[in-house]
Amino acid sequence: MSTTPRLPRSAPEAHGIPSNAIRAFVEAASANTPHIHSLMLVRHGSVVAEGWRAPYAPELPHVLFSLSKSFASTAVGLAVADGLLTVDDRVLPFFPEEAPAEVGEHLAAMRVRDLLSMATGHDVDTTPALWAATDGNWARAFLAQPVEHAPGTHFVYNSGATYMLAAIIERLTGQSLLAYLEPRLLAPLGIVGATWERCPRGVCIGGWGLSIRTEDIACFGQMYLQQGVWQGRQLVPAAWVAEATAKQVSNGSSPESDWAQGYGYQFWRCRHEAYRGDGAFGQFCVVMPEQDAVLAITSGVEDMQAVLNLVWAHLLPAMADGPLPEDPAAEAELRQTLGGLAMPLAEGAASSPTAARVSGRVYRFDANEAGVEALSVVFDEGGAALTVRDARGEHHLAIGAGGRRLGVTTLDKRGALKVAASGAWGNADTYVAELCYYETPFCPTLTLHFAGDEVAAVYRQNVSFTLDAPETLVGRSVR
């Protein structure tokens, strides 16, 4: 995969930003939201700061979650420009065979623009209903949901609405959302190797599931900042950029919240006249037109508002109108800070007398919600090899000592994921492994406490869509 830079690089001071201000942002983010995985700041079209927290790296994709929505919206804009539909087209005629037996007036009135602006009229997000569709027909499941309000009058964040946009694109073009975007947006921006999760029937999910690199996000934001122009070519109509990023519907009134400044076509309005695409756990493409700046961030944080607060506190006020005097010392400190970013390794001793006693033992578990049936760990000088068996089969994980071991594991229920893992003994009987699924936001901690013939295992996520406390599983040795 090519990692050739598509945006020029420059010193921050050349574009009116003190290196010290960017370093203050990075240090504050590391202290308050330590799971920011990457960042790229662009000012006047040049990258003035970039960094990845190892093992995250510039050549690696990162799942975007709902930042994917902004790309799906762009596909609709391109289809409008191609004359395939208008935003005032009704939704139901695209899916005549999926319509419910009785069509209410609100469903009949729902337009493409209502899908785009999350103003479908639903009281709740339809996504759970899509997941629950046993036949895998997500379009039918969406159309079967009650529409309690007149479309266009009531904002509810609704990933099912974005799925319907993706399904409409596929029906109109005979191509997947990803395939439709490839020659029109992705290839011109230099985005290669993009992947998009699909529903059970093979339609790109649209509302989440896109995976691309940090610079891809930055280029997408820069193209929007330039009113749809990229390298002299109008990729997206300027009128669509203006419409998609304007406030189309009200979503709250709090002056302190960046989730209450209005919503466009799958873009959020921000404070300070900025706008953004964003995704769960801190995937950001923040466009600041007044400052001629773009900020791309990937992360694994629970408090996304805290990240934006740091942007407004440290970066925004530091952007001057003209260039600043050169400051080589401050720039060097910034580069050093950015170059030294890394996810934490497991802390503790490399070995313990307990290791020899428990190495290779098989521990069996009573029935539990996690479905874990058995666990074993083989310790060696370089680290450990973990094996877990559950209803899905057997899963393996290589864990480094004093450093990370890279591999692929199916331990997480999301499937085969690239992982970097390090382990250490927190005390004589407790082994802690830090896992980093480094193309995702997820960096869980596995803690194993050995006592007699038992092991207590806790798998704790850094971020999660549920607020449930992790279950402690107790297994007993069978030999």
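The values are calculated or read from the model by the stated rules, or taken from the named source; none is laboratory data. Fair warning: this is a prediction, and the values are worked out from it, not measured in the lab. As a convention, Cβ positions derive from the backbone with ideal geometry for all residues, glycine included, and neighbour counts pool all protein chains shown. SASA here: full protein model, heavy atoms, side chains in, ligands and nucleic acids out. Shrake-Rupley method; radii C 1.70, N 1.55, O 1.52, S 1.80 Å.
Quick one: angle between helix 68-81 and the longest Cα principal axis of the chain, in degrees between 0 and 90, rounded to 10, please.
With rounding to tens, the tilt is 30 degrees.
Where only protein heavy atoms count, and the probe is 1.4 Å, what is the accessible area per residue for region 74-211 in Å²? Provide the component values of the computation, followed by the final result.
Values: 5330 Å² over 138 residues.
About 39 Å² of surface per residue is accessible.
Give me the mean projected area, in nm² to one decimal, of the convex hull enclosing the Cα positions of region 431-479. Mind showing how you got there, number by number?
Numbers: hull surface 16.7 nm².
Average of the hull's projected areas for region 431-479 equals 4.2 nm².
Would you please report the Å³ per residue occupied by the convex hull of the alpha carbon atoms in region 322-404? Mind showing how you got there, number by number?
On the way: hull volume 14.4 nm³, N = 83.
That works out to 174 Å³ per residue.
So which lysines can residue 69 reach, going by Cα to Cα under 19 Å and dropping same-chain residues fewer than 8 places off?
List returned: 247.
Only four residue types carry charge here, +1 at the Cβ of Lys and Arg and -1 at the Cβ of Asp and Glu. Report the dipole size of region 301-347 about the Cα centre in Debye, rounded to the nearest 20. Could you put the intermediate results ahead of the total?
On the way: 1 positive and 8 negative charges, 12 e Å.
Taking the Cα centre of region 301-347 as origin, the dipole is about 60 debye.
Could you tell me the center-to-center distance, by alpha carbons, between region 116-181 and region 442-466 in angstrom?
36
Return the Rg/Rh value of region 1-144, two decimal places, where both radii are evaluated on C-alpha atoms and Rh is the Kirkwood radius.
We get a ratio of 1.12 for region 1-144.
Using a Förster radius of 56 Å, what is the FRET efficiency between residue 153 and residue 366 based on their Cβ-Cβ separation? Nearest 0.05, please.
Details: r = 52 Å, r/R0 = 0.93.
The formula returns an efficiency of 0.60 here.
Compute, for region 225-343, the length of the dipole vector about the Cα centre, with Cβ point charges of +1 (Lys, Arg) and -1 (Asp, Glu) only. Units Debye, rounded to 20.
On the way: 6 positive and 14 negative charges, 96 e Å.
My answer is approximately 460 debye.
Residues of region 236-296: accessible area per residue at 1.4 Å, in Å²? Intermediate results must be reported in sequence, preceding the final value.
Working: 1890 Å² over 61 residues.
Averaged over the residues of region 236-296, the accessible area is 31 Å².
For the chain, which whole-number percentage of the solvent-accessible area (1.4 Å probe, protein heavy atoms only) is attributable to carbon and sulfur atoms?
53
Quick one: check the C-alpha center-to-center distance for region 271-345 versus region 1-52, whole angstrom.
Distance between centres, Cα-based: 6 Å.
Quick check on the chain: of the DSSP beta bridges with both residues there, what percent are antiparallel, nearest 5%?
Numbers: 87 of 91 bridges.
Once the DSSP bridges in the chain are tallied, antiparallel ones form about 95 percent.
Pop a pseudo-label 7 angstrom from the Cα along the beta-carbon direction at both residue 57 and residue 392 and give the gap in nm to one decimal.
2.5
Take the Cα gyration tensor of the chain, multiply each eigenvalue by 5, square-root it, and list the three semi-axes largest first, rounded to whole angstrom. Numbers along the way, then the final one.
Working: eigenvalues 319, 199, 67 Å².
For the chain, the semi-axes come out at 40, 32, 18 Å.
Test of understanding: extend the Cα→C-beta vector of residue 476 to 7 Å, then name every residue of region 360-404 with backbone N under 14 Å from that spot.
The answer is 363-367.
Counting helices only, and only those DSSP H runs with n ≥ 4, report the 222 nm mean residue ellipticity of the chain as the sum of -39,500 (n - 2.57) divided by its residues, in deg cm²/dmol to the nearest 500. Write down the numbers at each step before the final one.
Numbers: 13 runs with 114 residues, N = 479.
Helix contribution divided over all residues of the chain: -6500 deg cm²/dmol.
Charges at C-beta only: +1 for Lys and Arg, -1 for Asp and Glu. How large is the resulting dipole of the chain about its Cα centre, in Debye rounded to 20?
Values: 34 positive and 51 negative charges, 175 e Å.
With only Lys, Arg, Asp and Glu charged at Cβ, the dipole is about 840 debye.
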